[in-house]
Structures are given as C-alpha cells and as structure tokens.
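**Student:** One structure coming up, written as structure tokens, with questions to follow.
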Amino acid sequence: MKKIAATAVIIGMAVSMAACGKSGDKGTFTVGFDQDFPPFGYVGDDGEFTGFDIEMATECAKRMGKEVALQPIDWDAKDMELESGTIDCIWNGFTMNGREDQYTWSDSYMDNTQVVIVKSDSGISSLADLSGKIVEVQKESSAQSALEDEDHAELLASFGDYLQVGEYNTAFMDLESGAVDAIAIDIGVANFQLEGKEADYTILDEVISSEQYAIGFLKGNEELRDEVQSTLMEMVDDGTFAEISEKYFGYDVCTLK
C-alpha cells in the first residue's frame, strides 16, 4: 500500500482546485473522482493527481479540445456534486451495475470483480469462513453494494461485525493492525494495494460479484456522454487505451469493441 504524506495530499488538492473551471464550461471538462482509490485515482509521490482513470480522462479532454479539471470529491456526496453542476462526470472506477437508471452512462470499458482480502495466516480461505468475523468496506463502494444485495443477505448476516470507512487506506491499516479480519474490495484496487505484499495477504479465490466500470454523467446529458464515448473509442482504436492500461495493470483491461 502506498503511504501518502498529508502534505502531498494538501498540495495535490490545491493544484486541482486552482485548475478547476466551472462545470458546464464548454472549454473545461471537470472530472469528479475519489483521490484515495488507487490505481484509478490517487495522489502520487510528487503530490499530483494520477491513476488509470485520471490519465484516461486527461487524454480524453485533450482530444476534445478542453482543459481537464480534476475535482476530488467525497464519495458519499458524488450525486450532489453531479446534480449541482460542480462536476461534469464521475470517472473513477465507477460501477454501473444496479445504478443503470440513476445516470447517463458511457459504455462499460472494464470488467470489475468484488473480492475479499485477508491476512495470509488468518485461516480464512472462503466466504463461509467469514462467519463471525469483522469485515470492512468503503462506504458507498461497489463492494458495499454487492454485499448488501439480497443475493448476499445470508453472507452479510453471518459477519460478526460489518464496518464502513471513508477510505480504503484506512481499511488496509485496520486489516494490518488486526482491527478487522477482512476487507471487501474491487479486484483492481486489491492487486494494486497488495503489490509487493503478496506474502502477507491473500485474495480469496471465491468472489463476491463481477461488475462493470463506466463513466457516469448527469441523467439526460447524452450530448457530453456521446462526445466522451466517441473520443474514448478513438483511444481504443489507436492503442492509447491499451498503453495506459498496461502501465497500471500489466495488461489491456478494455472491454470496448
């Protein structure tokens, strides 16, 4: 897990806020994202915002002839930010499943699986082994939605305790300290966080669910969605999508055809 200094976060936020134009400005593309969600969006060691979705959105804005404005948001308040016009879209490992009617969506660009991480010496090897254990998720995350789906009611009821936190960095610190027994999380985030720590932690083979990532726009904003979708397909066709994907995942995650 990357350890990010508080000063770096402050600097990154200051840079982003200074760059932000008003959402709806034809010359600006304001992207809402969670800055604590690597590898999709996070603060790099240089204090700048970076990540897979950040690079994709930045390149997309450039091709559309717009200035990108990277706007970190409280994930709990993402709908309010979009509805108030503070941001033009939510582009940050955003699961469309179960939210199909709440936003105007781009086509799905990436499959995403919800998994569980435990300490390797925990003795937990299946979802059934989570019975009586303390399980943590990020509030308003895809993992929370998956666990609270009626299909997983029995699994959720089996937990000894079920906790929600604001950031995954906090969840990993809780797991490391032994405050929780497991974290439910997106597979892409899990692999990134566990880079170099495979001996200490295990991703259970049994998954919670499989979902799709897409870009969410305000309901009814087909014009901007279509412009972004068309530009995204250009990036697929010329290999830019695959290039950025390889940088963060080691392979091409693209599901667009």
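The values are calculated or read from the model by the stated rules, or taken from the named source; none is laboratory data. Note that the coordinates shown come from a computational prediction; the quantities given were computed from them, not determined experimentally. Cβ sites come from the backbone with ideal geometry, for glycine too, and all protein chains shown count toward neighbours. Note: areas computed on protein heavy atoms with side chains; ligands, DNA, RNA excluded. Shrake-Rupley method; radii C 1.70, N 1.55, O 1.52, S 1.80 Å.
**Student:** Using the Cα centre of the chain as origin and beta-carbon charges of +1 (Lys, Arg) and -1 (Asp, Glu), tell me which of 108, 216, 69 is placed farthest towards the positive end of the dipole.
**Tutor:** In the chain, that residue is 69.
**Student:** Sticking with this structure for a sec: If you plug each phi of the range 243-257 into the Karplus form 6.51 cos²θ - 1.76 cosθ + 1.60 with θ = phi - 60°, what whole-Hz ³J(HN,Hα) values come out, in order, with x for Gly and Pro?
**Tutor:** For the range 243-257, the Karplus curve yields 5, 5, 4, 4, 4, 9, 10, x, 7, 8, 8, 4, 10, 6, 10 Hz.
**Student:** Heads up, I need the accessible area for residue 80: 1.4 angstrom probe, whole protein in place, Å², nearest 10.
**Tutor:** 120
**Student:** So how far apart, in nm, are the two label points at residue 156 and residue 107 if each is 7 Å from Cα heading toward Cβ?
**Tutor:** 3.3
**Student:** What residues qualify as long-range amide H neighbours of residue 210, i.e. H under 5 Å apart, gap of 5 or more or another chain, H built at 1.01 Å from N?
**Tutor:** Correct list: 114.
**Student:** How high is the FRET efficiency from residue 195 to residue 128, r the C-beta distance, R0 25 Å, rounded to 0.05? Before the final figure, lay out the partial values.
**Tutor:** Numbers: r = 28 Å, r/R0 = 1.13.
Once rounded, the FRET efficiency stands at 0.35.
**Student:** Which value, in nm² and rounded to one decimal, describes the direction-averaged projected area of the C-alpha convex hull of the range 120-257? Mind dumping the intermediate values first?
**Tutor:** Values: hull surface 40.6 nm².
Computed as one quarter of the Cα hull surface, the answer is 10.2 nm².
**Student:** Of the accessible area of the chain, with the probe set at 1.4 angstrom, what percent is carbon plus sulfur? Walk me through the numbers on the way to the answer.
**Tutor:** Working: 5420 of 11420 Å².
Taking all protein chains in place, the chain shows 47 percent carbon and sulfur surface.
**Student:** Under the rule of -39500 (n - 2.57) per DSSP H run of 4 or more residues, summed and divided by the residues of the chain, what mean residue ellipticity at 222 nm is obtained, to the nearest 500 deg cm²/dmol?
**Tutor:** Numbers: 9 runs with 88 residues, N = 257.
After summing the helix terms and dividing by the residues of the chain, the value is -10000 deg cm²/dmol.
**Student:** For the range 69-186, rounded, prolate or oblate, judged on the Cα gyration tensor with a ≥ b ≥ c (square roots of eigenvalues), a/c < 1.5 rounded, else prolate if a/b > b/c? List each step's numbers first, then the result.
**Tutor:** Details: a/c = 2.35, a/b = 1.79, b/c = 1.31.
In terms of gyration-tensor shape, prolate.
**Student:** Of the listed values (1) 52, 43, 35; (2) 97, 45, 38; (3) 54, 39, 35, grab the one calculated as Cα extents along the principal axes in Å from the structure here.
**Tutor:** Recomputing Cα extents along the principal axes in Å here gives the entry labelled (3).
**Student:** Need the full-extension length gain, residue 26 to residue 234, defined as separation in residues times 0.36 nm minus the C-alpha distance. One decimal, nm.
**Tutor:** Net length gain for the segment: 72.8 nm.
**Student:** Relative contact order, percent, of the chain when contacts are C-alpha pairs under 8 Å separated by at least 6 residues? Please list the in-between numbers first.
**Tutor:** On the way: 492 pairs, mean separation 65.3, N = 257.
It comes to 25 percent, rounded to a whole number.
**Student:** Roughly what % of DSSP beta bridges within the range 20-82 run antiparallel, to the nearest 5? Present the calculation step by step, with values, prior to reporting the outcome.
**Tutor:** Numbers: 4 of 10 bridges.
Of those bridges, close to 40 percent are antiparallel.
**Student:** Moving on to the next point. Mind listing the phi-derived Karplus ³J(HN,Hα) values for the range 168-185, rounded to whole Hz, using 6.51, -1.76 and 1.60 with θ = phi - 60°, and x for any glycine or proline?
**Tutor:** 5, 4, 5, 4, 5, 5, 5, 5, 4, 7, x, 5, 10, 9, 7, 10, 9, 7
**Student:** With only Lys, Arg, Asp and Glu charged, each at its Cβ (+1 for the first two, -1 for the last two), find how big the charge dipole of the chain is about the Cα centre; round to the nearest 20 debye. Walk me through the numbers before you get to the answer.
**Tutor:** Working: 17 positive and 51 negative charges, 129 e Å.
Here the chain has a charge dipole of around 620 debye.
**Student:** If you count only protein heavy atoms with a 1.4 Å probe, what accessible area per residue comes out for the chain, rounded to a whole Å²? Before the final figure, lay out the partial values.
**Tutor:** Details: 11420 Å² over 257 residues.
Normalised by residue count, the accessible surface of the chain is 44 Å².
**Student:** Could you give each residue of the range 90-96 its phi-based ³J(HN,Hα) in whole Hz, using Karplus coefficients 6.51, -1.76, 1.60 with θ = phi - 60°, and x for Gly or Pro?
**Tutor:** 10, 9, 5, x, 9, 6, 8
**Student:** Just want the answer: with Cβ charges of +1 for Lys and Arg and -1 for Asp and Glu, which residue in 118, 134, 87 is farthest toward the dipole's positive end in the chain?
**Tutor:** My answer, from the dipole projection, is 87.
**Student:** Can you give me the C-alpha center-to-center distance between the range 93-146 and the range 185-257, rounded to a whole angstrom?
**Tutor:** The distance from the Cα centre of the range 93-146 to that of the range 185-257 comes to 15 Å.
**Student:** Then there is this: Which of the GluC sites (Glu not before Pro) found in the range 79-152 are loop residues per DSSP with 15 or fewer other Cβ atoms within 10 Å of their Cβ? Could the numbers behind the result be given before it?
**Tutor:** Details: sites: 81, 83, 100, 136, 140, 148, 150; in loops: 100, 140, 148.
Here the GluC sites (Glu not before Pro) that fit, given the DSSP loop and packing criteria, are 100, 148.
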